[in-house]
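Inspection log for the structure reproduced underneath, given as structure tokens.
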Amino acid sequence: MIDIIIMTAVGALIGWFTNYLAVKMLFRPIRPWRVPLIGLELQGLIPKRRAEIAVSIGTTVAEQLISAKDMVSRLIQGENRQELIRTIRARIMSAIEDRIPSIIPSGIKQAILGRVRDIMTQEVENFVDNSMGEMIEQSMQKIDISNMVEERINSLEMEEVERLTLEIASRELKYIELLGGVLGAVIGLVQSLFLLIMK
């Protein structure tokens, strides 16, 4: 009976430790470390493949998560569209009002501004609906989102990437470690029972 408990406990410990080590080796060692005598070089999976990961994430963001058309449609639709029209119209109307000579009577000035406001509203709406979207889309196509994301990832310190990853996925990584312990315990139990039967 003691043999069964010992083998189960040893199996649990080995299973937990191997998974704990596997999780740590996602990031550690951050810099390449050469094992003396055998010359084997060790480095964490993520630091070692950092450049490939950065390219992959950058491409995914640019191609699947952020498209120029989506950004343009969000900028010039719904509340954003109305706010854009109001802002453009207010700026132009303010500039026109400042340039109308003060000698023009107030009634005539207001009539002119009212007429200009009507025309301006129509013209600004046409501009936002027909021209602005195309202009923004052309500008967006000149921005290399993939490269921007890739550069940003590569500029992060690996310690910071590790900290962020562990903050986000610490519970899941703990479950992986515990699962290793559980599986190790089951394997240890099965082995001890097998050896007991074979005696």
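The values are calculated or read from the model by the stated rules, or taken from the named source; none is laboratory data. Predicted model only: the values in this text are computed from it and were never measured. In this analysis, Cβ positions are derived from the backbone assuming ideal geometry, glycine residues included, and neighbour counts consider all displayed protein chains.
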Q: Return yes or no: is Ser170 under 30 Å from Lys48 (Cβ atoms), modelled with pLDDT under 80 and either in contact with a strand residue (DSSP E or B) (Cβ under 9 Å, 6 or more places away or on another chain) or in a helix (DSSP H, G or I) (or both)?
A: no
Q: Examine the range 179-199 for a residue that is exposed (fewer than 10 other Cβ atoms within 10 Å of the Cβ), of a type outside the set (A, V, I, L, M) and at pLDDT below 80, and state whether such a residue exists.
A: yes
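I need the full set of residues from the range 1-45 which are in a loop (DSSP other than H, G, I, E, B) and basic (Lys, Arg), in order please. Working first, answer last.
Applying the first criterion (in a loop (DSSP other than H, G, I, E, B)) to the range 1-45 yields 1, 25-32, 35-40, 43-44.
Correct list: Arg28, Arg31.
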Among (1) surrounded by fewer than 16 Cβ atoms within 10 Å (Cβ to Cβ); (2) at pLDDT 85 or above; (3) over 23 Å from Glu150 (Cα atoms), Glu52 falls short only on (3)
